[in-house]
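*Asks:* Pasting a structure here, questions to come.
The values are calculated or read from the model by the stated rules, or taken from the named source; none is laboratory data. These numbers were taken from a predicted model, which means no experiment stands behind them. Note: ideal-geometry Cβ built from the backbone for every residue, glycine included; neighbour counts use all protein chains shown.
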Amino acid sequence: MFATLQCGRFQLSLERPLVMGIVNVTPDSFSDGNAHFQAAQAVAHGLRLIQEGADMLDIGGESTRPGAQAVSVDEEWRRIQPVIQGLRDSGVPLSVDTCKPAVMRRALQAGADMINDISGFTASGALDAVRDAGCALCLMHMRGEPRTMQQDPVYDDVVAEIRDYLAAGAQRLRDAGIAAERIVLDPGFGFGKTVAHNYALLRHLPQVMGADYPSLVGVSRKSMIGAVTGRPAAQRLGGSVAAALAGAVRGAHILRVHDVADTVDALRVWAAVEQPHVEQGVRA
Ligand code: 8Y4
């Protein structure tokens, strides 16, 4: 059994759910074409998330939404390098969201503590890129590829299939020489799943995840929230917090969220209900 995660410079306690704040470094309509401004905005956002109580940050420079455009290694690195640099000494571990072994190597060299690969370290060279670093690895399930994954995904038994995929994926990492205490598994909400699949996975999270590795749950603002609330992404705060809490109640160890302050509040209140003896100072 695990109680901690080896995460680069950090040894993280998993006794309470950790909150991973999302820092996107993809061009938007305001900062388009101004790399310095874009990086400065992302760093400021990350610092704000830390103030709000984020336990770690996930920095991503490659849009992974359904239908997203591919990005080159150099472009992805140009986006995230100054953000890693700017947040490296902010006191929390940095995860980097990438599928590219060359970006993994550069990020680890620059001080990243965790690699979050939505393709599950399946690219040629991905295992070699992470093996000898002390970084944590998040291995996520995805059916298909981002461009086409939402075209009518079908599972015979979604809970059993993803449970087996994650178990096999973890074993593949172990066989490559990666220690168990570096591994985190993730069912990959929204990645090649219908709304019904996503809720089945969340409902049955303990069965999906097993007890051998810690789990990461990313449901923040996703279409599974929109499907139930009828709201666009910008108005999915309440639904996202409810879904994150549902994950925490079912044993999720890391919650990947946009809305750190509200998620931290929800976890604090839940912790006070569950453990009255630690009410108030459950978090620093
Ligand atoms: C609105 C906002 C609608 C965001 C959709 C989205 C996960 C992840 C993503 C996840 C892990 C996203 C990089 C998708 N989701 N990494 N990354 N787990 N480990 N979509 O669930 O946020 S990006």
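*Asks:* Within the range 148-191, take every residue that is out of contact with any strand residue (DSSP E or B) (no Cβ under 6 Å at 6 or more places or on another chain) and at positive phi and give me the one that is surrounded by the most Cβ atoms within 10 Å (Cβ to Cβ).
*Replies:* Of everything passing the filter in the range 148-191, Gly190 is surrounded by the most Cβ atoms within 10 Å (Cβ to Cβ).
*Asks:* Only one of these is free of Cβ contacts under 8 Å to residues at least 60 places away in the same chain and β-branched (Val, Ile, Thr): Val154, Val184. Name it.
*Replies:* The match here is Val154.
*Asks:* If you check Asp259 against the conditions, is it under 21 Å from Ser13 (Cα atoms), surrounded by fewer than 24 Cβ atoms within 10 Å (Cβ to Cβ) and out of contact with any Cys (no Cβ under 7 Å at 6 or more places or on another chain)?
*Replies:* no
*Asks:* For a quick check of your reading of the model, give me the residue pairs whose first member lies in the range 202-227 and is without any contact (Cβ under 8 Å) to a residue 24 or more places away in the chain, whose second is polar (S, T, N, Q), with beta-carbon atoms closer than 6 Å and at least 6 apart or on different chains.
*Replies:* Short answer, once both residue conditions are applied: Ile225/Ser240.
*Asks:* So, one more: Going residue by residue through the range 57-66, is there one that turns out to be surrounded by fewer than 19 Cβ atoms within 10 Å (Cβ to Cβ), under 23 Å from Phe191 (Cα atoms), within 13 Å of the ligand (Cβ to nearest atom) and more than 16 Å from the chain's Cα centre (by Cα)?
*Replies:* Yes, the range 57-66 has at least one match.
*Asks:* Name the residues in the range 239-274 that are under 25 Å from Asp117 (Cα atoms), in a helix (DSSP H, G or I) and in contact with a Pro (Cβ under 7 Å, 6 or more places away or on another chain), would you?
*Replies:* Ala248, the sole residue that qualifies.
Rundown of residues vs (1) among the acidic types (Asp, Glu); (2) over 22 Å from Leu255 (Cβ atoms); (3) at pLDDT below 95, yes/no style:
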residue	(1), (2), (3)
Glu52	yes, no, no
Asp58	yes, no, no
Gln85	no, yes, no
Asp97	yes, no, no
Arg106	no, yes, no
Gln109	no, yes, no
Met114	no, no, no
Gly120	no, no, no
Val130	no, yes, no
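*Asks:* Hey, can you tell me all the residues within the range 232-248 that are farther than 14 Å from Val264 by Cα and either surrounded by fewer than 16 Cβ atoms within 10 Å (Cβ to Cβ) or not basic (Lys, Arg) (or both)?
*Replies:* Passing the criteria: Pro232, Ala233, Ala234, Gln235, Gly239.
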